[in-house]
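Undergrad: Sharing a structure below in structure tokens format, with a few things to ask.
The values are calculated or read from the model by the stated rules, or taken from the named source; none is laboratory data. Predicted model only: the values in this text are computed from it and were never measured. Note that each Cβ is placed from the backbone with ideal geometry, even for glycine, and that neighbours are counted across all protein chains shown.
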Amino acid sequence: MRFYPKEKNVGSWDRGVRLVVGPVLVLVGIAAALGMIALAPVLIVVSLVVGAVLTVTGLTQKCPMNRLLGINTYKGEPLREDAETEPTERPA
């Protein structure tokens, strides 16, 4: 069983939330690590890790947790990266 999904499973609204919240959490973690914000060391690490995961899953539109839970918010045509496309013939 593959952990990382082959098909997209993160849709438009879900992707938008991830692409806003993820970078914000990364910036909060960086600011806390530099001493600009007072946070416990554990919260700094959690903020950085969760922010990075949300950002990557938002960019790739593939989330292993969604796959494990059976959630699919992607409404487009399922795309497979390993599928070969057949060339279409042009009429003569």
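Undergrad: How many residues does the stretch 63-74 contain that are within 9 Å of ASP14 (Cβ to Cβ) and assigned to a helix (DSSP H, G or I)?
TA: 1
Undergrad: Could you grab the pairs with beta carbons closer than 9 Å, sequence gap of 6+ or different chains, first residue in the stretch 10-21 and crowded, with 16+ Cβ neighbours inside 10 Å, second one among the charged types (D, E, K, R) and in a helix (DSSP H, G or I)?
TA: Listed pairs, sorted by first residue: VAL10/ARG18.
Undergrad: Take ARG90 and tell me if it is outside any loop (DSSP other than H, G, I, E, B) and either modelled with pLDDT under 90 or loosely packed, with under 14 Cβ neighbours inside 10 Å (or both).
TA: no
Undergrad: Please count how many residues of the stretch 28-55 are closer than 27 Å to GLY11 by Cα, β-branched (Val, Ile, Thr) and surrounded by 15 or more Cβ atoms within 10 Å (Cβ to Cβ).
TA: Selection size over the stretch 28-55: 4.
Undergrad: Might you check whether a residue that is without any contact (Cβ under 8 Å) to a residue 60 or more places away in the chain, part of a loop (DSSP other than H, G, I, E, B) and not aromatic (Phe, Trp, Tyr) occurs anywhere in the stretch 49-62?
TA: Yes.
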